[in-house]
Structures are given as C-alpha cells and as structure tokens.
1. Hey, could you get me the Stokes-Einstein D for segment 63-175, Kirkwood radius over alpha-carbon pairs, 4 °C and 1.567 mPa s, rounded to whole µm² s⁻¹?
2. Using the crude model of +1 on Lys and Arg Cβ and -1 on Asp and Glu Cβ, and no other charge, please compute the dipole size for segment 108-219 relative to its Cα centre, in debye to 20.
3. I'd like the distance separating the alpha-carbon centroids of segment 62-83 and segment 155-188, in whole Å.
4. Which distance in nm do the two modelled labels at Leu183 and Glu75 give, with both placed 7 Å along the Cα-to-Cβ direction?
5. Under a point spin-label approximation (7 Å from Cα along Cα-to-Cβ), what is the Arg34-Ser108 distance to one decimal in nm?
6. On alpha carbon coordinates alone, what is the Rg over Rh value for the chain, Rh being the Kirkwood radius?
7. Please list, ordered by chain and number, the residues whose modelled amide H lies under 5 Å from the amide H of Leu174; skip anything fewer than 5 residues away on the same chain.
8. Compute the length gained on full extension between Asp198 and His170: take 0.36 nm times their separation in residues and subtract their Cα-Cα distance, giving the result in nm to one decimal.
Amino acid sequence: MLALMQAGTEVEIEKKRGRGRPPKSADERNESARRGELVCVAAKQFRLRGFHGTSTRDIAAAAGMQPGSLFYFFESKEAMLHAVMRDGMARAAASQSAALAVLSPRASGVQRLRALVRNHLQIMVGPDSDFIPVMLYEWRLLSEAQRLDVSAQKDEYEAQWMPALEALHHTGKLKARPEIARLLIFGALNWTAQWFSDSGSLTLDELCDQSLALFIGER
C-alpha cells in the first residue's frame, strides 16, 4: 500500500513538472530577439513608406537579411503588420502601467492625467515611436480577427484613463463627460504624429503642458 502511495506521489510530481514551461534555450532567446528586431524594422518601414509601398525586400534589406528569411518568422507581410500593432500596443500598455505605478496612491486626477498624457505623447512622437502611428494609419488593412485582437489591447489601454477623467469630472476640472472627453483627448493626442517635430519649438514636456492647458485648463 505504501509503495502504491509513493508511486502515485511520484506520478503527481511528474505531472506538475510537465505543466511548467521549460526555460528557453539560447537559440530560442536569439530567435525571439531577432523577431523583435524585425518587428521594429517593419514598423519603421511601414511608417515611412506605407504598408502598400513597403515590400518584404525593403524590410529584409533594412534588417540586413535575405528576403526569404523573413518568412521563417512571419507567414506574410500582413502577419508582420499585425505583429507591429500587437507589439506596439503591448509596449504602450507596459510603459503606461509603469508611468502610473510611480505615482503616489494619493496622486490627484491632474497628476494622473499628466502621467497618462505624457506617456501617450512619448509613444506617439518620442524616439522609436513608429508602432502606434502605423496602427492609426493602416488599421483598415487588418483582418477582422486581427482587428478584434488589437482592439482588445487598445480597449484595455484606454480603460486606464477613465478613473483619472472621472475624478476630474467629479471635481469640476473636466467639464465634458468622461467617456466623451476620452475620445476627444485621444483624437487630439494621436494627431500629434502628423505635425509634431522634436526639432521644433516645443519639447515633449512642453507639449504635455499645452495639452493639459487645453483639456482641463491646467499646466
């Protein structure tokens, strides 16, 4: 009986071990890093040339690889576009969570909105800001399933703005309804990708100040 119990315990241990994912090998880590590099290159090319104006040869040349090698990582150019948008939203969500995490639990609605606006401007017009503009310009080219996938990420990202907007509305600093204000604010911030230049007269922090002055009358 004891032997059966011990055998059963060993089986359970082996089952539990099997549930865990084994650590990635060096080759798998290198492959993952290379894929990430390709997504960054594709994002830049899609932003510069547009999706239809960019060939897989363009992306391969910019990445320093043979055109056929791209298809080891992605089944098509459309799959690369989806990866650009997915990775872009994942990066945006991670940086937004980090921006909110450093705030005090007692941070005001104004402080929270400032952190959100500053982060969004950073991903729109800061260094390596190709991902989200590509999503805005090329959204219609995704398949329905791909749009649903990226929309779920976008909805989660935007939902983090509502507590700050609702708090500001409650105190009277935000006059518009929070759900409408969110749409208008994103429309204004997203458009900065069309006109903002880091070599112009405004820094990102000054642009953030001007945005807050427009939205809630504060800097």
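1. Working: Rh = 15.9 Å.
Rounded, D is 81 µm²/s.
2. Its charge dipole is roughly 460 debye.
3. 38
4. 3.5
5. 5.3
6. Working: Rg = 22.5 Å, Rh = 20.2 Å.
That ratio equals 1.12.
7. The answer is His169.
8. On the way: separation 28, 0.36 × 28 = 10.08 nm, distance 3.53 nm.
Value of the extension gain: 6.6 nm.
The values are calculated or read from the model by the stated rules, or taken from the named source; none is laboratory data. Note that this is a predicted model, so its numbers are computed, not measured. When we count neighbours, we look across all protein chains shown, and the Cβ atoms used for this are built from the backbone with ideal geometry, even at glycine. Note: accessible area is taken over every heavy atom of the protein model, side chains too, but ligands, DNA and RNA are not part of it. Shrake-Rupley method; radii C 1.70, N 1.55, O 1.52, S 1.80 Å.
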